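Asker: What follows is a single structure, and I will ask about it in a moment.
FYI, it's all coordinate maths here, none of it is from the lab. Since this is a predicted model, take the numbers as computed values, not measurements. All Cβ positions, glycine included, derive from the backbone under ideal geometry; neighbour counts span all protein chains shown.
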Amino acid sequence: MQGAFNEIEGEFAFAKYGDTNELDEIQILLDESVKASCEGLMVKMLDGVESHYEPSRRSQNWLKVKKDYLSGVGDSLDLVVLGAYFGSGKRTGWYGAFLLACYNPGTQVYETVCNIGTGFSEQILEELHTQLSALVIDRPKPFYSHSAGNKDQPDVWFEPKFVWEVKTADLTLSPRYKAAASQMEGGKGVSLRFPRFLKVREDKKPDEATTSRSVAEMYRKQDSVGGGKSKGPAADDDFEY
């Protein structure tokens, strides 16, 4: 493949790789991917049956190692649940993904920041469905700042009651979400890349959630932003809903 294609700066490049089975060397590769604002590593066997890729099937042969899986790496936020999307497949009958928001205390508005569908066990999804079904409302509250696009609307909206702790790999700008949009150039809001549910914050009220100003500061403090590198689009690719 490398003999058949030529790299073109800004258009086409081969993925970087390393050939090792030493943990220390894998850690170095992971650290380099984090510094380059990549999601992480894909770890696989070099050859043999275990090296084969199977489309649309999870296996132990190809493993993601993402920086937000590591202790001390990635950011944690406390976000308010505003809506949900009906699940499919194994999540049929439950909510499969959720719309989360930060809080702007200056305007007293909840500003959407991401969709999330990763980090939930089946037991947690069942419990959340029971809890949140009691909070369903006919339409979003006037103090919800969210996308007006039809494809971006959740299947159900909720009263703002629950706060969840969420871990993210990175923060990025997105026209779909509204968090800290008034503080960003171009009117885009800040969103989370690869958010993952950690736990319900029973000790916090919705107006004690992470503020939009804090979200903006977290975005600006990223090495990739300070260095002038652009982020990739927000992604919700680790789940089916």
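Asker: Quick one: Karplus J couplings for region 84-101, per residue in order, coefficients 6.51, -1.76, 1.60, θ = phi - 60°, nearest Hz, x for Gly and Pro?
Answerer: Each residue of region 84-101 in turn: 8, 10, 5, x, 9, x, 5, 9, 4, x, 10, 7, x, 8, 9, 9, 10, 9 Hz.
Asker: Mind jotting down the distance between the C-alpha centroids of region 100-132 and region 168-215, whole Å?
Answerer: 11
Asker: Most exposed first by the Cβ proxy, i.e. fewest other Cβ within 10 Å, how do Tyr110, Tyr144 rank?
Answerer: Tyr144, Tyr110
Asker: Here is a follow-up. Report, largest value first, the span of the C-alpha coordinates of region 108-200 along each principal axis, in whole Å.
Answerer: 41, 32, 26
Asker: What order do you get for Met1, Met218 when you list them from fewest to most C-beta neighbours inside 10 Å?
Answerer: Met1, Met218
Asker: Among Asp155, Asp78, what is the fewest-to-most ranking by other Cβ atoms within 10 Å?
Answerer: Sorted ascending by nearby Cβ count, the order is Asp155, Asp78.
Asker: What order, most packed first, do the peptides 47-54, 87-94, 190-197, 165-172 have when packing is the mean number of other Cβ atoms within 10 Å of each residue?
Answerer: By packing density, highest mean first, the sequence is 190-197, 165-172, 87-94, 47-54.
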